[in-house]
Amino acid sequence: MHGRCSNSVTDAILNGRFKVKAFKKTFDLQNMSEKLKLRWNGHACFEISGSRTIIVDPFLEGNPKATRKKEDVRADIVVVTHGHEDHVGDALYIAKKNNAPIVTMVELAWLLKEKDNSLEIHDINYSGSVSIGKVKITAVPAYHSSSYGGKYAGNPGGMIIEMDGRVLYHAGDTGIFMDMELIGRMYHPEVAMLPIGGHYTMSPKEAAMAVGMIKPQLAIPMHFSTFPPIEQNPEEFKKEVEANSAGKVKIMSIDQTIEV
Ligand SMILES: [Zn+2]
Ligand SMILES: [Zn+2]
């Protein structure tokens, strides 16, 4: 529907100006948001820094491979994919210390709220999002299970994290599933953090096939070699991905920070 005045010269000029402004704004935003910093703390824990800092699945204390101390983490948002202890980890401590909200799946949000009612906890479910400032977090399915402190914790999730015009996908713990293709088509993540440890999740072979469905520009293996059952060689994942798709793999070392 066009308004009564839409044919006027003034309106045309205004519309024209508006479009130029809108375009410029988008362009500026892209320029501003060229790089994010991505730090791996081992297992499934990443710190993603742009205009805000997000920590995902902060399993630090009790992780035999982690050197990052929970006391040293500065985060604006804490994201937890599911209730298992190797993912919730130090989430409550870090959220409290940093006065940071937690974003997680619905039933786990309730359980965490029972632990500390003073925290700001956002409960989302599949295809649902929450926006905190300029950061948007969307839950997507994960084929796995979820419990916390011996209680059923609802469905586990993967998380799509959008910040500064960039899109990242943290798959949480998951087996492979066909709807990963939909995740790729829907959100176009540039970076995908995928579990490759086997035993509880995908192994390198499944994770490499997942990359073919998600089609990120960069895939980063996680959730391997923390404990004996999930011992894996990430080079196998890299070899398999790079032989079968245009995607690149970055094998991070623990405590490494890269720009993405
Ligand atoms: Zn798990
Ligand atoms: Zn796990």
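Read-outs throughout are calculated quantities, based only on the coordinates presented, and are distinct from any laboratory measurement. Computed from a predicted structure; not experimentally measured. Heads up, the Cβs are rebuilt from the backbone with ideal geometry, glycines too, and the neighbour counts pull from every protein chain shown.
Data for the structure
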{"item": "Residue exposure sequence - Asp123, Asp90, Asp179, Asp72 - by fewest surrounding Cβ within 10 Å", "result": "Asp72, Asp179, Asp123, Asp90"}
{"item": "Separation of the Ser127 and Lys151 label points, Cα + 7 Å toward Cβ, nm", "result": "2.9 nm"}
{"item": "Lys37-Ile258 pseudo-label distance in nm [points 7 Å out on the Cα-to-Cβ vector]", "result": "1.7 nm"}
{"item": "Rounded tilt (10° steps) of 234-244 against the dominant C-alpha axis of the chain", "result": "40 degrees"}
{"item": "Built amide H within the under 5 Å cut-off of Val249, gap 5+", "result": "Ala219"}
{"item": "Spin-label proximity, Phe227 to segment 160-180 - amide N less than 13 Å from point 7 Å beyond Cα toward beta carbon", "result": "none"}
{"item": "Mean ellipticity per residue at 222 nm, deg cm²/dmol - from DSSP H runs of n ≥ 4 across the chain, formula -39500 (n - 2.57)", "result": "-9000 deg cm²/dmol"}
{"item": "Length-normalised contact order for the chain - Cα pairs under 8 Å, 6+ apart - percent", "result": "15 percent"}
{"item": "Value of relative contact order over segment 53-171, rounded to a whole percent, pairs C-alpha under 8 Å and six or more apart", "result": "20 percent"}
{"item": "Rounded, prolate or oblate (a/c below 1.5 giving rounded, otherwise prolate when a/b exceeds b/c) for the chain by Cα gyration tensor", "result": "prolate"}
{"item": "Residue order, fewest to most surrounding Cβ atoms within 10 angstrom, among Thr226, Thr67, Thr104", "result": "Thr67, Thr226, Thr104"}
{"item": "Degrees, to the nearest 10: 9-32 long Cα axis against longest axis of the chain", "result": "20 degrees"}
{"item": "Degrees between helix 204-214 axis and first principal axis of the chain (Cα, 0 to 90, nearest 10)", "result": "10 degrees"}
{"item": "Point-charge dipole on Cβ atoms (K/R +1, D/E -1) for the chain, about Cα centre, debye to 20", "result": "1100 debye"}
{"item": "Spin-label proximity, His188 to segment 124-168 - amide N less than 16 Å from point 7 Å beyond Cα toward beta carbon", "result": "161-168"}
{"item": "Footprinting exposure proxy for Glu162, Glu114, Glu240 (fewest neighbouring C-beta atoms within 10 Å first)", "result": "Glu114, Glu162, Glu240"}
{"item": "Over segment 104-145, relative contact order from alpha-carbon pairs under 8 Å, at least 6 apart, %", "result": "32 percent"}
